[in-house]
Amino acid sequence: MSKVILEVKGVEKIYNPGQPNEVRAVKGIDLKVHKGDFIAIVGPSGSGKTTFLDILGCLLRPSKGKVIIDGKETERLSEDGLARVRREKLGFVFQQYNLIPTFTALENVSLALRVAGKSKKSAEKRARELLEFVGLGKRLNHPAGLLSGGEQQRVAIARALANEPEIILADEPTGNLDSKSGKQVLELMKWLNLEKGYTFVVVTHDPEITRYSNRVIYLKDGKIIKEIIKKDRRIIRLDRLIK
Amino acid sequence: MLDVALKNITRVKTRSFLTILGILIGIAAIVALGAIAGGIEATVQKSMETAAGKIIVFQKGSSVITGFSGSEITDENVEEIREIPGVKEVIPMLFSIRRRGSNLIEATTVIGISPEKIDYFKGKEVGMEEGRELEEGDTDSVIIGKDVADEENLEVGDEIEIAGEYFTVVGIIEKTGDNDIDRGIIAPIEELKDAMKAESYPVVFVIPEDVGGAEALAEDIKDLFENFEAMTEKEIARQVSRLLTNIRFFTFGIGGIAAVVGGLGVMNTMIMTVMERRKEIGVLKAIGATNRMILRQFLLEASLLALIGGILGLFFGSVAVGILILFSAFAVAPVITPALAIGSLIFAFLLGLVGGFYPAWKAAKLDPVVALRYE
């Protein structure tokens with residue numbers, strides 16, 4: 001078994017505790033994410049998927065339980081400390097891409113590197129490499145808002161990769177894409193997973209994603225009700241991916 | 001991340017332009033009004049230098065500010081003042097406004113003074129650009145300030161009309177920076193008195209034997225003549241500085257209000273910007289930006305907007321002042337001092353910081369989860 005890079009123990013999230021509108025969104029989840037995993041978290045709306053992903057991403061503090069990233073407990077970290085964890089260990093991909101539409105692809109990716117303290121020059125150099133890496137070498141100076149959905153999501157993936165994260169957390173990455181571009185984005189993610197060793201945790205409704213995953217976790221009412229672990233991580237043949 | 005801030009400003013061009021315009025108007029007002037106040041101050045200060053050591057006597061109710069109009073001191077009074085112990089010299093002076101066209105701003109002041117006492121008015125060190133000084137026994141002669149010569153295209157030997165009589169220009173005084181001299185015409189007092197058919201003088205200068213005794217002498221004069229005011233240069237300086245304080249208060253008050261309104265514009269713009277870019281702030285937080293980074297970035301944008309407004313305001317304010325100097329022979333030359341220029345830029349920058357603080361703080365405090373899911 002490879003190294004555990006993210007672990008949650010008995011995580012719970014209660015919104016408005018003690019109020020009439022109290023919501024128990026996550027009810028005691030344990031999970032270990034190993035280096036090289038491609039985990040799909042599926043479940044119906046309201047099952048607590050997104051809340052759980054926000055907790056994994058250190059965007060939301062759990063009401064109970066522990067989140068341990070790369071061996072470090074995060075519960076006592078200040079807001080700045082959590083920001084640092086996100087900056088150094090985590091990458092995010094969103095359903096809506098969340099790029100700055102008037103900034104070019106290059107500027108969008110650079111921004112993540114600038115936030116991490118890189119100079120403009122070195123940020124742009126690395127951003128260029130990353131965009132070439134995700135197949136957008138010819139779109140560097142296009143305003144992000146003018147790119148297609150699939151291209152925008154690839155820019156977002158390049159941005160998520162910018163600071164060499166341990167884990168990339170994706171919230172419905174194909175949710176806004178047609179099936180063809182959705183598939184391209186998934187294949188890029190799988191390629192990054194298999195060939196470059198990046199770890200993914202993806203929250204999704206898309207059954208297609210489960211085919212690309214080595215672990216599928218089913219969530220219902222804030223609890224894990226089932227987990228499928230596939231023995232063969234290379235379930236998708238690489239020769240199919242690279243064409 | 002200055003380049004990012006600049007880029008963000010250009011994302012909403014019209015709004016940024018209007019915000020900059022708000023600051024621009026305020027700072028331009030401060031610069032222009034401040035320059036005029038500075039000009040008045042410089043002129044007054046220059047006049048004060050030449051007034052050193054003397055006492056100015058005029059009738060109560062008139063003042064230096066109104067040019068001593070209505071003040072009457074007779075030859076008899078002059079003789080009486082001369083009798084007072086401690087008086088070295090008594091120098092009667094006459095003033096007449098010589099209009100050129102209908103514009104009062106373009107008027108020049110004609111000063112009547114005894115030729116041999118002229119140094120008490122213009123200062124010994126001030127020399128002649130052309131021609132000669134007025135001399136005892138000169139009749140129908142005047143010397144003129146450099147600005148008068150330039151504006152009316154006058155040379156030594158030319159004739160000018162004052163109060164219906166003609167006088168010959170015998171000399172042009174070198175440029176001094178003191179408007180009373182540069183924009184003045186100096187004539188022998190007796191001739192001017194005849195031309196103006198004046199029976200009295202608005203002002204007499206009293207030179208004390210001992211400069212240190214000026215204050216006491218001024219008191220003696222006031223005791224002797226109930227309806228006369230006698231002021232040493234110190235007192236005048238006090239009066240003038242009170243007036244200047246008022247002028248400065250007024251000009252910076254107006255400019256300041258305009259600029260504060262501009263600062264509110266910055267705040268308004270930044271509040272809208274933060275609302276619109278909520279999602280982006282969420283992303284920035286997700287990719288690891290700390291609250292402080294977000295605060296700094298939005299403060300940078302706000303202060304950049306204000307600083308651009310400040311720089312443009314300084315430019316257009318200076319242009320306005322330039323136009324003022326060029327197209328009107330304004331009685332005071334407006335001065336844009338380095339302190340005024342730098343001060344107005346710092347003020348603009350501070351307006352941006354103060355106006356931008358609340359929105360930037362709101363941005364920094366946004367919950368990333370809420371911000372990210374905002375539609």
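When you go through B:Glu301, B:Glu276, B:Glu226 one by one, which is the residue that is surrounded by fewer than 20 Cβ atoms within 10 Å (Cβ to Cβ), farther than 16 Å from B:Lys54 by Cβ, among the acidic types (Asp, Glu) and assigned by TED's automatic domain parsing to the domain that holds B:Ala364? Spell out the reasoning first.
Working: B:Glu301 fails: surrounded by fewer than 20 Cβ atoms within 10 Å (Cβ to Cβ); B:Glu226 fails: assigned by TED's automatic domain parsing to the domain that holds B:Ala364.
B:Glu276 is the lone residue from the list that is surrounded by fewer than 20 Cβ atoms within 10 Å (Cβ to Cβ), farther than 16 Å from B:Lys54 by Cβ, among the acidic types (Asp, Glu) and assigned by TED's automatic domain parsing to the domain that holds B:Ala364.
With B:Gly317, B:Gly288 as the choices, which residue is part of a loop (DSSP other than H, G, I, E, B), surrounded by 22 or more Cβ atoms within 10 Å (Cβ to Cβ) and either aromatic (Phe, Trp, Tyr) or modelled with pLDDT under 95 (or both)?
Values: B:Gly317 fails: part of a loop (DSSP other than H, G, I, E, B).
Result: B:Gly288 is the single residue among B:Gly317, B:Gly288 that is part of a loop (DSSP other than H, G, I, E, B), surrounded by 22 or more Cβ atoms within 10 Å (Cβ to Cβ) and either aromatic (Phe, Trp, Tyr) or modelled with pLDDT under 95 (or both).
Which one of the conditions (1) within 14 Å of chain B (Cβ to nearest Cβ); (2) under 19 Å from A:Cys58 (Cα atoms) does A:Tyr198 fail to meet, given that it meets all the rest?
(1)
Limited to segment A:89-114, what total is found for residues that are among the basic types (Lys, Arg) and at the interface with chain B (Cβ under 8 Å from one of its Cβ atoms)? Quick ask: steps written out before the conclusion?
Residues of segment A:89-114 that are among the basic types (Lys, Arg), as a first pass: A:89, A:114.
Now drop any that are not at the interface with chain B (Cβ under 8 Å from one of its Cβ atoms), which leaves A:114.
Final tally of qualifying residues: 1.
So is B:Pro334 surrounded by 16 or more Cβ atoms within 10 Å (Cβ to Cβ), out of contact with any Cys (no Cβ under 9 Å at 6 or more places or on another chain) and not in a helix (DSSP H, G or I) or not? Give the steps one after another, and end with the answer.
Numbers: surrounded by 16 or more Cβ atoms within 10 Å (Cβ to Cβ): yes; out of contact with any Cys (no Cβ under 9 Å at 6 or more places or on another chain): yes; not in a helix (DSSP H, G or I): yes.
Against the criterion (surrounded by 16 or more Cβ atoms within 10 Å (Cβ to Cβ), out of contact with any Cys (no Cβ under 9 Å at 6 or more places or on another chain) and not in a helix (DSSP H, G or I)), B:Pro334 qualifies.
Across segment A:27-61, which residue is farthest from A:Tyr218 (Cα to Cα) among those that are among the charged types (D, E, K, R) and outside any strand (DSSP E or B)? Show your work before the answer.
Applying the first criterion (among the charged types (D, E, K, R)) to segment A:27-61 yields A:27, A:30, A:32, A:35, A:37, A:49, A:54, A:61.
When the remaining residues are screened for being outside any strand (DSSP E or B), the result is A:35, A:37, A:49, A:54, A:61.
On the way: A:Lys35: 20, A:Asp37: 16, A:Lys49: 9, A:Asp54: 17, A:Arg61: 22 Å.
Among residues in segment A:27-61 that are among the charged types (D, E, K, R) and outside any strand (DSSP E or B), the one farthest from A:Tyr218 (Cα to Cα) is A:Arg61.
Note down all Cβ pairs under 9 Å where the first residue falls in segment A:45-58 and is basic (Lys, Arg), the second is modelled with pLDDT of 90 or more and open to solvent by less than 10 Å² (accessible area, probe 1.4 Å), and they're at least six residues apart or on different chains.
Listed pairs, sorted by first residue: A:Lys49/A:Ile41; A:Lys49/A:Val203; A:Lys49/A:Thr204; A:Lys49/A:Leu219.
Show the residue pairs that are 6+ apart or on different chains and have beta-carbon atoms under 6 Å apart, the first residue being within segment B:231-242 and more than 17 Å from B:Ala42 (Cα to Cα), the second being surrounded by 14 or more Cβ atoms within 10 Å (Cβ to Cβ) and small (Gly, Ala, Ser).
B:Thr232/B:Ala214; B:Thr232/B:Ala218
Is it true that B:Ala258 is assigned by TED's automatic domain parsing to the domain that holds B:Phe349 and buried (at least 17 other Cβ atoms within 10 Å of the Cβ)?
Numbers: assigned by TED's automatic domain parsing to the domain that holds B:Phe349: yes; buried (at least 17 other Cβ atoms within 10 Å of the Cβ): yes.
Yes, satisfied.
Across segment B:340-363, which residue is farthest from the chain's Cα centre (by Cα) among those that are open to solvent by 80 Å² or more (accessible area, probe 1.4 Å) and not aromatic (Phe, Trp, Tyr)? Steps first, please.
First, pick out the residues of segment B:340-363 that are open to solvent by 80 Å² or more (accessible area, probe 1.4 Å): B:342, B:346, B:349-350, B:354, B:357-358, B:361-362.
Narrowing the set further to residues that are not aromatic (Phe, Trp, Tyr) leaves B:342, B:346, B:350, B:354, B:362.
Values: B:Ile342: 17, B:Ile346: 21, B:Leu350: 25, B:Val354: 29, B:Lys362: 42 Å.
Within segment B:340-363, the match that is farthest from the chain's Cα centre (by Cα) is B:Lys362.
If A:Thr74 passes every condition in (1) more than 17 Å from B:Thr290 (Cα to Cα); (2) touching a residue at least 12 places away in the same chain (Cβ under 8 Å) but one, which one does it miss?
All conditions are met except number (1).
Any chance you could count how many residues in segment A:135-180 are open to solvent by less than 50 Å² (accessible area, probe 1.4 Å), without any contact (Cβ under 8 Å) to a residue 40 or more places away in the chain and either over 17 Å from A:Leu106 (Cβ atoms) or out of contact with any Leu (no Cβ under 9 Å at 6 or more places or on another chain) (or both)?
3
The values are calculated or read from the model by the stated rules, or taken from the named source; none is laboratory data. Model, not experiment: these values are computed from the prediction. Every residue, glycine among them, receives a Cβ derived from its backbone with ideal geometry; neighbour counts consider all protein chains shown. Only protein heavy atoms, including side chains, enter the accessible area calculation; ligands, DNA and RNA are left aside. Shrake-Rupley method; radii C 1.70, N 1.55, O 1.52, S 1.80 Å.
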